[in-house]
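In what follows, a structure is listed as structure tokens, so that the remarks can point back to it.
Coordinate-derived values only; no laboratory data. The structure presented is a predicted model; accordingly, all values stated were derived computationally and were not measured. So basically every Cβ, Gly included, is an ideal-geometry build from the backbone, and we count neighbours across all protein chains shown.
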Amino acid sequence: MSFTMIDVFEAFLLHFRKGLILVGIILLLACSSETDRLESVFNPSATPSPAIPVTTTPLATSQQDLRRGLRIWVPPQFDPNTEHLAGRLLRDRLQSFYEQFSNLPIEVRIKAEDGQGGMFEALITASEAAPLALPDLVLVPRKIVVPLAQQGILYPLDGYAQLSEDQKWYPYARQLAVVENTPFGIPFVGDVLVLAYPESLANELPLNWNDWLVSKYSLGFAANDPQAAVLLALYLQAGGAIRNAQGRPILEEMVLTELLESISVAYRQGKIPAWVIQAEDDQLVSQTLAEGKIDSGFLWGSNYLKQGSQEWHASAGFLAYKTSLTLADGWLWASTSPISDQIGISFQLAAFLTEPEFMATYTQAAGYLPTRAEAFSYWQNNQRTKELETVSQLAQIIPPSALSDPIGIALRSALLAVVKDRVPPQQAAKDAITSLTKP
């Protein structure tokens with residue numbers, strides 16, 4: 001049931017005049033821009049929520065006047081006010097938590113992940129100019145976890161909750177949460193890079209990189225991706241380093257040269273189609289694969305799931321150097337609360353939102369992957385689920401932006417130079433390495 005702004009104002013007057021406690025969930029979706037709108041929603045839950053095994057810190061008496069409910073920021077794709085199934089599930093889950101903690105409204109503000117006024121900029125600005133405007137809980141995208149933690153905006157998880165071994169978090173999920181050996185939140189959902197191919201080729205497509213290079217099968221991927229995710233995954237799988245002793249981004253000439261040479265040969269043979277140099281994301285890859293114009297393609301798991309086809313298979317990529325490796329992205333519930341006594345309950349809500357059964361239901365509806373193995377047990381038991389679970393076990397989180405951004409640009413430039421401009425692979429590798437040393 002949704003309210004207009006007039007309804008919100010009238011409710012406020014009623015609260016002010018009669019001293020009533022505001023109940024329900026206030027979904028703050030601000031009115032100043034597309035990613036910052038203001039609206040209210042009240043959704044009573046029929047089922048009480050289970051207890052949450054996380055220690056919280058009681059609100060100090062001196063802080064009672066500051067208690068203003070839990071404020072949450074989420075990116076637009078996780079908006080709980082939509083009528084999409086995932087939105088309803090999250091909204092109901094928040095309501096269920098509210099019912100356990102009476103008189104504690106939950107306010108949700110939608111913040112863009114990038115750009116001016118986006119989440120990172122807003123958190124930095126608020127922390128410096130208006131700390132009380134900071135949210136208590138934030139669904140943080142992977143690319144800003146490290147800089148926020150390093151600048152002291154995120155609170156460490158220790159003392160409030162634990163990412164214990166028995167919770168069966170995937171390795172990439174732990175990597176997402178931990179910065180300099182300190183966990184800064186609880187992983188919510190993930191996305192992994194997969195090699196997708198049709199059921200008809202399940203017993204034919206070579207999943208060994210060297211065997212594929214001499215096979216007849218074609219491969220599509222986004223060669224113009226600014227992150228160069230596919231090339232980075234192949235480079236890491238080949239044993240290439242991306243960081244020196246000082247923590248600066250690097251690329252190894254020999255490893256990169258060999259990789260570029262093999263891709264160059266496959267491109268000239270037509271096994272990698274010409275359109276890949278135009279593809280900046282995996283949308284064209286999934287479309288071409290669905291049309292049967294390529295035999296295999298690298299897709300993000302979220303795109304793979306949207307295809308809704310049980311006739312595709314997924315692997316972590318081609319086996320190379322006796323190992324298989326892929327990359328993962330993800331989102332983390334973290335606390336930036338300006339009120340110390342609300343950090344505990346913020347993490348308690350985060351734990352409640354990441355319980356396995358809810359995580360399973362939500363990720364299936366939203367088209368993402370669970371960050372803990374136990375959640376997969378609630379997914380439909382089929383071949384697709386088993387394959388995605390295997391991929392999740394093999395995935396590594398995309399390196400921090402300070403590394404992945406310059407390396408992605410260098411790898412993309414090298415790849416396009418080889419396949420588009422016919423620059424010799426060794427020269428392209430040298431140029432990529434040189435670009436990383438420039439200020």
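Compare the peptides 376-383, 264-271, 168-175 by average per-residue count of other Cβ atoms within 10 angstrom and give them in order, highest first.
Working: 376-383: 13.9, 264-271: 15.5, 168-175: 21.1.
So the order, starting with the most tightly packed, is 168-175, 264-271, 376-383.
Once amide H atoms are built 1.01 Å from N in the peptide plane, which residues 5 or more positions from Gly190, or in another chain, come under 5 Å H to H?
Amide H neighbours of Gly190: Leu369, Thr371.
What are the semi-axes of the equivalent ellipsoid of the range 76-219, taken as the square roots of 5 times the eigenvalues of the Cα gyration tensor, listed largest first and rounded to whole Å?
Working: eigenvalues 272, 84, 63 Å².
Each semi-axis is the square root of five times an eigenvalue, giving 37, 21, 18 Å.
Would you please name the GluC sites (Glu not before Pro) within the range 66-116 that are DSSP coil residues with at most 11 other C-beta atoms within 10 Å of their C-beta?
Details: sites: Glu83, Glu99, Glu107, Glu113; in loops: Glu83, Glu113.
Answer by residue number: Glu83.
Using the structure shown, list the pairs from Lys293/Lys430; Lys143/Lys293; Lys293/Lys420 with a Cα-Cα distance above 31 Å, or answer none.
On the way: Lys293/Lys430 34 Å; Lys143/Lys293 33 Å; Lys293/Lys420 21 Å.
Distance filter (> 31 Å) returns Lys293/Lys430; Lys143/Lys293.
By count of other Cβ within 10 Å, fewest leading, how are Thr288, Thr354, Thr434 ordered? Walk me through the intermediate numbers first.
Values: Thr288 18, Thr354 26, Thr434 11.
In order of increasing Cβ crowding within 10 Å: Thr434, Thr288, Thr354.
Where Lys and Arg each count +1 and Asp and Glu each count -1, what net charge lies around Glu280 among other residues with Cβ under 10 Å from its Cβ? Intermediate values should be presented prior to the final figure.
Working: positive: Arg412; negative: Asp225, Asp281, Asp282.
So the environment of Glu280 carries a net charge of -2.
Amide H of Ala112 versus every other amide H placed in the peptide plane: which residues, excluding those fewer than 5 positions away on the same chain, fall under 5 Å?
Met119
So for Val391, Val419, Val178, fewest C-beta neighbours within 10 Å to most, what's the order?
On the way: Val391 24, Val419 21, Val178 17.
Taking fewest neighbouring Cβ atoms as first place, the list is Val178, Val419, Val391.
Does the range 365-425 come out rounded, prolate or oblate by the C-alpha gyration tensor, with a ≥ b ≥ c the root eigenvalues, rounded set by a/c under 1.5 and, if not, prolate when a/b is larger than b/c and oblate if not? The partial results should precede the final answer.
Numbers: a/c = 3.79, a/b = 2.36, b/c = 1.60.
It is prolate, given that a/c is not under 1.5 and a/b is the larger ratio.
Provide the net charge surrounding Lys430, with neighbours chosen by a C-beta distance below 14 Å and charges set as Lys +1, Arg +1, Asp -1, Glu -1. Mind showing how you got there, number by number?
On the way: positive: Lys438; negative: Glu252, Glu253, Glu258, Glu261, Asp431.
Neighbourhood net charge equals -4.
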